[in-house]
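The values are calculated or read from the model by the stated rules, or taken from the named source; none is laboratory data. Keep in mind that this is a model prediction, so the values were computed, not measured. Cβ placement follows ideal geometry from the backbone for every residue including glycine, while neighbour counts extend to all protein chains displayed. Each accessible area value is taken on the protein alone, full model and side chains, heavy atoms only, with ligands, DNA and RNA left out. Shrake-Rupley method; radii C 1.70, N 1.55, O 1.52, S 1.80 Å.
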Amino acid sequence: MRYELYYWPNIQGRGELVRLALEHAGCDYVDVARGKDGMKHLLHALSDPKRPRPSYAPPFLKVGKQIIGQTANILFYLGARHAELAPRGEADRLWVHQLQLTIADLVGEAHDTHHPLASSQYYEDQKPAAKKRAADFRKTRVPKYLGYFERVLSHNGKQLVGRRITYADLSLFQVVAGLRYAFPKAMKRIEREHPHVVALYERVEDLPKIAAYLASPRRVEFNEDGIFRRYPALDG
Ligand SMILES: N[C@@H](CCC(=O)N[C@@H](CS)C(=O)NCC(=O)O)C(=O)O
């Protein structure tokens, strides 16, 4: 069955965590909002009053008649269906899910560096607060999160869980890519303390299907509308 991914067409955002999983598992999928009348379909799916179980925000995935929202929930679903994405056992699946939820927390905090006061207002209207928030994010939060994943990796080996790559590894790759884009100076420093995380990043980057995807036009470029934004004032 062809999956339908609904996500904003011009940013990587949280949708990228789902795109990477779909690509790595070799799934047949369509990125709906990037196709013909895409935004119309996306906005309709979000606001259709006839839908009894609407998603609050993108990304969401349509599978036949079922619609699954929340990034970690989508990945949990895909992990159960594709052996390329998660182990079978319940304990391992919950552990992958737990790691994914921690990645979601990190992604949320990365977003809040440029929108510390209100998501509904422009970055330009909250610059002084953004500067303070980003300084703390770089100094304490990124090292704490990456230190946590470094610890998990140093226990398990080359990937976060079990003996094969999971969707949590793909998401950690994406987060490191985003942090490198948004905070190049800080990441140069921080990465030195996290060799396992860097090794995992390099391994994921070279996975055949991921490498092909990254080189394709399907991969949206990072930009200043997404979650990871390069504002030099916020780096250091
Ligand atoms: N917890 C949700 C967050 C979803 C979310 O915040 N989506 C963003 C784009 S990345 C959005 O469009 N938000 C609109 C809003 O919150 O009003 C998830 O992980 O999927």
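Can you check how the C-alpha radius of gyration of the stretch 160-236 compares to 2.2 N^0.38 Å, as a plain ratio? It would help to have the intermediate numbers written out before the result.
On the way: Rg = 13.3 Å, N = 77, 2.2 N^0.38 = 11.5 Å.
Dividing the Cα Rg of the stretch 160-236 by 2.2 N^0.38 Å gives 1.16.
Would you list which lysines come within 22 Å of LYS188, measuring only between C-alpha atoms, while excluding same-chain residues fewer than 8 positions from it?
LYS131, LYS132, LYS139, LYS144, LYS158
Which value in deg cm²/dmol, rounded to the nearest 500, describes the helix-derived mean residue ellipticity at 222 nm for the chain, given -39,500 (n - 2.57) per DSSP H run of n ≥ 4 and division by the residue count? Write out the running numbers ahead of the final one.
On the way: 10 runs with 124 residues, N = 236.
Value at 222 nm, helices only, nearest 500: -16500 deg cm²/dmol.
Ranking request for peptides 134-141, 51-58, 86-93: highest mean number of other beta-carbon atoms within 10 Å first, then the rest in descending order. Don't jump to the answer; show the numbers that get you there.
Numbers: 134-141: 17.4, 51-58: 12.4, 86-93: 14.1.
Ranking the peptides 134-141, 51-58, 86-93 by packing returns 134-141, 86-93, 51-58.
Tally Lys/Arg at +1 and Asp/Glu at -1 over every other residue whose Cβ is under 12 Å from the Cβ of GLY26; what's the total?
Numbers: positive: LYS209; negative: GLU23, ASP28, GLU84.
Net charge around GLY26: -2.
Classify the stretch 196-236: rounded, prolate or oblate, from the alpha-carbon gyration tensor (a ≥ b ≥ c, eigenvalue square roots; a/c under 1.5 rounded; otherwise prolate if a/b is larger than b/c)? Walk me through the numbers on the way to the answer.
Working: a/c = 4.14, a/b = 1.41, b/c = 2.92.
The shape class here is oblate.
Bin all alpha-carbon pair distances of the stretch 108-213 at 10 Å intervals from 0 and give each bin's fraction as a whole percent.
Reading upward from the zero bin: 14, 41, 29, 14, 1.
So the label point goes 7 Å from the Cα of HIS155 along Cα→C-beta, right? Which residues of the stretch 71-107 then have their backbone N under 12 Å from it?
Backbone N within reach: 95-96, 99.
How far is the Cα center of the stretch 15-48 from the Cα center of the stretch 117-183, in Å?
Between the Cα centres of the stretch 15-48 and the stretch 117-183 lies a distance of 24 Å.
Give me the percent relative contact order of the stretch 1-70, please, defined on Cα pairs under 8 angstrom at least 6 residues apart.
Working: 98 pairs, mean separation 27.8, N = 70.
RCO, the stretch 1-70: 40 percent.
Taking all protein chains in place and a 1.4 Å probe, what share, in percent, of the accessible surface of the chain do carbon and sulfur account for?
Details: 6270 of 12140 Å².
So the carbon and sulfur contribution to the accessible surface is 52 percent.
Taking the chain as the region of interest, what is the percent of Cα-Cα pairs per 10 angstrom bin, listed from the shortest bin to the one with the maximum distance?
7, 32, 36, 21, 4, 0
Probe of 1.4 angstrom, ligands and nucleic acids ignored: what's the accessible area per residue over the chain, in square angstrom? The partial results should precede the final answer.
Working: 12140 Å² over 236 residues.
Here the residues of the chain average 51 Å² of exposed surface.
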